[in-house]
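This report concerns only the one structure given below.
Just so it is clear, none of the values below were taken in a lab; they were calculated from the coordinates. Computed from a prediction, not measured in an experiment: that's the story for all the values here. All Cβ positions, glycine included, derive from the backbone under ideal geometry; neighbour counts span all protein chains shown.
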Amino acid sequence: MRSPKFRPLGVALIAVLAFSVAGCARNRNKSDLPYVARDVSTLYNAAKARLNQGQYKQAALLFDEVERQHPYSIWARRAQLMSAFAYYLDHDYTNAIQSAQQFISVHPGNRDAPYAYYLVALSYYEQISDVTRDQKITQQALDALGELTRRYPDSRYASDARLKIDLVRDHLAGKEMEIGRFYERRGQWLAATLRFRKVVDDFQTTTHTPEALERLTETYLALGVPEEARKSAAVLGVNYPGSDWYQRAYKLTNEHPPVATAPVARGQQTIPIGTPGTPQTTPSMPGTGTASSPKDQSSAAPTPTSPSGKTN
């Protein structure tokens, strides 16, 4: 009869072997197909056939195999770019970006380099999420599109890239507005003002600018700076005179008219003597050599009274 004391050891050994196999499976390369030596034309045509049949994943792996088996062939360069395109069609944007960027790093002066930059930008663009979520991918899309238009402004892809840049900028402005409205609902006026100001300064050609100017009118009034509120409303009226946002800003400024204050004569005390935090003596004017005391300025300030109403 077999002794049971060796059973735990056997179970542990099986677990270790299973873990090792799983680790090897995780570390396999994305293009690990069974290696079968084939000529370059056979591999490339097979990959192209899979692409035409809509089998984008298999096509991408076969294009990678072209590069692996025939790295110095002129078809390897073409296969690398076609692999990025197949991954893009398969919605595998991470591998599409990786393959396209590898093509750019190895063949920066190739005539197909603009298309590789375009694939990178499209792969980021397709991953843009709604404004309630983090917009890191959106910023990466904007950077990639800008890189394409800067490097190849006259390429066939530049016009579409410029259109997408406008859409991406509008999306980023929408994110700033979302955060600004959140702060405004919570009564955090300064934080909201900074967000709306960013839209006006950095995204002024987007569709969110009229609302941002109207929101600035609201937050400036809440902060107690009506002059800035009127400036925002004036800019809104000049650039978007027929918009509903201007009507709202105009109504707000009329509800909070400027308050006229009497002019202060030169040398007049603007803070009454005795106000907490004010000095008890005032410095002398240049050339007098002496400082005046509060008693000397009794005519310019009210006489303090005690809580009972009697003068001190």
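In table form, for the structure just shown:
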read-out	value
Extension reserve of the Asn45-Leu167 stretch, reckoned as 0.36 nm per residue once the Cα distance is removed	40.1 nm
Approximate shape of the stretch 28-172 as ellipsoid semi-axes (Cα gyration tensor, √5λ), whole Å, largest first	30, 17, 12
Pairs beyond 31 Å (Cα-Cα), from Lys48/Lys136; Lys48/Lys164; Lys57/Lys164; Lys57/Lys175	Lys48/Lys136; Lys57/Lys175
The stretch 154-270, Rg to Rh (Cα coordinates; Rh as Kirkwood inverse mean 1/r)	1.15
Residue exposure sequence - His91, His208, His171, His107 - by fewest surrounding Cβ within 10 Å	His91, His107, His171, His208
Taking Ile74, Ile179 and counting other C-beta atoms within 10 Å, the order from fewest to most	Ile74, Ile179
Residue exposure sequence - Ser159, Ser73, Ser83 - by fewest surrounding Cβ within 10 Å	Ser159, Ser73, Ser83
